[in-house]
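Step one of this worksheet: look at the structure below.
The values are calculated or read from the model by the stated rules, or taken from the named source; none is laboratory data. Remember, predicted model here, so these are calculated numbers, not experimental data. So basically every Cβ, Gly included, is an ideal-geometry build from the backbone, and we count neighbours across all protein chains shown. Side chains are part of the model used for accessible areas, which takes the heavy atoms of the whole protein and leaves out ligands, DNA and RNA. Shrake-Rupley method; radii C 1.70, N 1.55, O 1.52, S 1.80 Å.
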Amino acid sequence: MAQPVATAAERRRSPREDCDHAIHVVTKQGPADYVRLTARCFNRSDNGFAAHVDGTLEMGKTVGVEFQPGLSSPMVQLQAEVVHINGAMHGFKFFAPSDTQRIFISKLFREC
């Protein structure tokens with residue numbers, strides 16, 4: 001008897017929420033050469049997010065992510081790993097953000 005195939009939603013560790021927020025992805029191109037790419041986050045979870053990125057990233061690469069949760073909030077910076085690429089669409093997994101960063105991440109996506 002064949003086993004049922006799990007859908008992507010069933011394999012995820014936490015539910016996804018739609019959003020629409022500008023972010024920047026910072027990636028290292030050389031020893032002292034950093035590139036800041038414009039991106040648009042379109043869904044998120046507690047463990048990561050998906051975004052359309054204006055540029056090319058490498059699978060498995062650690063990148064910086066910058067966003068401003070609100071007009072009166074400071075810029076938040078954190079690290080994420082590129083875990084999926086499909087054209088301009090990229091999937092990212094958060095690297096253990098601090099408690100403060102988790103609050104800003106939550107605030108960002110509530111405002112989307």
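State whether one or more residues within the stretch 67-88 are open to solvent by 40 Å² or more (accessible area, probe 1.4 Å), modelled with pLDDT under 90 and of a type in the set (Phe, Trp, Tyr). So far as the stretch 67-88 goes, no, none of its residues is open to solvent by 40 Å² or more (accessible area, probe 1.4 Å), modelled with pLDDT under 90 and of a type in the set (Phe, Trp, Tyr).
Return yes when Glu58 is assigned to a loop (DSSP other than H, G, I, E, B) and at pLDDT 90 or above and no when it is not.
On the way: assigned to a loop (DSSP other than H, G, I, E, B): yes; at pLDDT 90 or above: yes.
The answer is yes for Glu58.
Selection within the stretch 38-50: residues that are in contact (Cβ under 8 Å) with a residue 40 or more places away in the chain and within 11 Å of His90 (Cβ to Cβ). The member of this set that is surrounded by the fewest Cβ atoms within 10 Å (Cβ to Cβ) is Gly48.
Quick check on the stretch 3-14: of everything there that is open to solvent by 90 Å² or more (accessible area, probe 1.4 Å) and not β-branched (Val, Ile, Thr), which residue is modelled with the highest pLDDT? Out of the qualifying residues, it is Arg13.
To keep it simple, each residue is scored yes or no on (1) open to solvent by less than 10 Å² (accessible area, probe 1.4 Å); (2) closer than 19 Å to Phe95 by Cα; (3) touching a residue at least 24 places away in the same chain (Cβ under 8 Å).
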{"position": "Arg16", "(1), (2), (3)": "no, yes, yes"}
{"position": "Ala22", "(1), (2), (3)": "no, no, yes"}
{"position": "Gln29", "(1), (2), (3)": "no, no, no"}
{"position": "His52", "(1), (2), (3)": "no, no, yes"}
{"position": "Met59", "(1), (2), (3)": "no, yes, yes"}
{"position": "Gly64", "(1), (2), (3)": "no, yes, yes"}
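Would you call Glu111 at pLDDT 90 or above and of a type in the set (D, E, K, R)? No; evaluated as a whole, the condition is false for this residue.
Return the residues of the stretch 29-55 that are polar (S, T, N, Q), within 21 Å of Asp18 (Cα to Cα) and part of a strand (DSSP E or B); say none if nothing qualifies. Spell out how you get there, then give the answer.
Taking the stretch 29-55 as the starting set, the residues that turn out to be polar (S, T, N, Q) are 29, 38, 43, 45, 47.
Filter again for within 21 Å of Asp18 (Cα to Cα), leaving 38, 43, 45, 47.
Thr38, Asn43 - these are the residues of the stretch 29-55 that are polar (S, T, N, Q), within 21 Å of Asp18 (Cα to Cα) and part of a strand (DSSP E or B).
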